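**Q** Below is a structure I'd like to ask you about.
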Amino acid sequence: MENYDAMTLRDRLTLAERRIRELRDHLERGFLPKVSDTVELIHPSRNGVFPETVKDVTLRNSVKNLLAADEFTNQSAEKLVALCTSVEEEIDRILENK
């Protein structure tokens, strides 16, 4: 994990805002489309028709991409939680010194 001790509170908040945007963009443009692509491979369409035969390799690759996106999502979320915890601790420290 990163060390936020050398950063000012303002810098931490700015970084948190940027990481929130990055995570949101990743979810909207990367993760959720991969989920949809995988679901389309294994579920029937709205009219009840299953997709034409899907090769195992196609499904494996789709799941592999989804798992990679999930790993990135988890890592990004963990970094954001650590940063938010750092912000909370810094605010507590500031309030205690008043």
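The values are calculated or read from the model by the stated rules, or taken from the named source; none is laboratory data. This one's a predicted model, so the numbers in the text were calculated from it and none came from an experiment. All Cβ positions, glycine included, derive from the backbone under ideal geometry; neighbour counts span all protein chains shown.
**Q** Out of segment 55-81, which residues are hydrophobic (A, V, I, L, M, F, W, C), modelled with pLDDT of 95 or more and farther than 17 Å from Arg29 by Cα?
**A** Once the filter is applied, which keeps residues that are hydrophobic (A, V, I, L, M, F, W, C), modelled with pLDDT of 95 or more and farther than 17 Å from Arg29 by Cα, segment 55-81 yields Leu80, Val81.
**Q** Leu9 fails exactly one of the following numbered conditions: (1) in contact with a helix residue (DSSP H, G or I) (Cβ under 6 Å, 6 or more places away or on another chain); (2) more than 30 Å from Arg93 (Cα to Cα). What is the number of that condition?
**A** Every listed condition holds for Leu9 apart from (2).
**Q** Collect the residues in segment 6-32 that are over 24 Å from the mean Cα position of the chain (by Cα) and either exposed (fewer than 10 other Cβ atoms within 10 Å of the Cβ) or in a helix (DSSP H, G or I) (or both), keeping them in residue-number order.
**A** Hit for segment 6-32 is Ala6, nothing else.
**Q** Just checking, how many residues over segment 32-54 are at pLDDT below 90 and of a type in the set (Ser, Thr, Tyr)?
**A** Total satisfying the criteria: 2.
**Q** OK, next. Take Ser86 and decide whether it is among the hydroxyl-bearing types (Ser, Thr, Tyr) and in contact with a helix residue (DSSP H, G or I) (Cβ under 9 Å, 6 or more places away or on another chain).
**A** The answer is yes for Ser86.
**Q** Can you tell me which residue among Val57, Val35, Val63, Val39 is assigned to a helix (DSSP H, G or I), surrounded by fewer than 10 Cβ atoms within 10 Å (Cβ to Cβ), of a type outside the set (Lys, Arg) and free of Cβ contacts under 8 Å to residues at least 60 places away in the same chain?
**A** Selected residue: Val57, the only one of Val57, Val35, Val63, Val39 that is assigned to a helix (DSSP H, G or I), surrounded by fewer than 10 Cβ atoms within 10 Å (Cβ to Cβ), of a type outside the set (Lys, Arg) and free of Cβ contacts under 8 Å to residues at least 60 places away in the same chain.
**Q** Next question. Could you list, in sequence order, all residues of segment 54-97 that are in contact with a His (Cβ under 8 Å, 6 or more places away or on another chain) and under 25 Å from His43 (Cα atoms)?
**A** Passing the criteria: Ala69, Thr73.
**Q** Filter segment 19-56 down to residues that are farther than 30 Å from Leu80 by Cα and not aliphatic (A, V, I, L, M), then give me how many there are.
**A** Result for segment 19-56: 13.
**Q** Continuing with the same structure: Those residues that are surrounded by 13 or more Cβ atoms within 10 Å (Cβ to Cβ) and within 27 Å of Asn3 (Cβ to Cβ), I need them from segment 69-81; list them, please.
**A** Within segment 69-81, Asp70, Phe72, Thr73, Ser76, Ala77, Lys79, Leu80 qualify.
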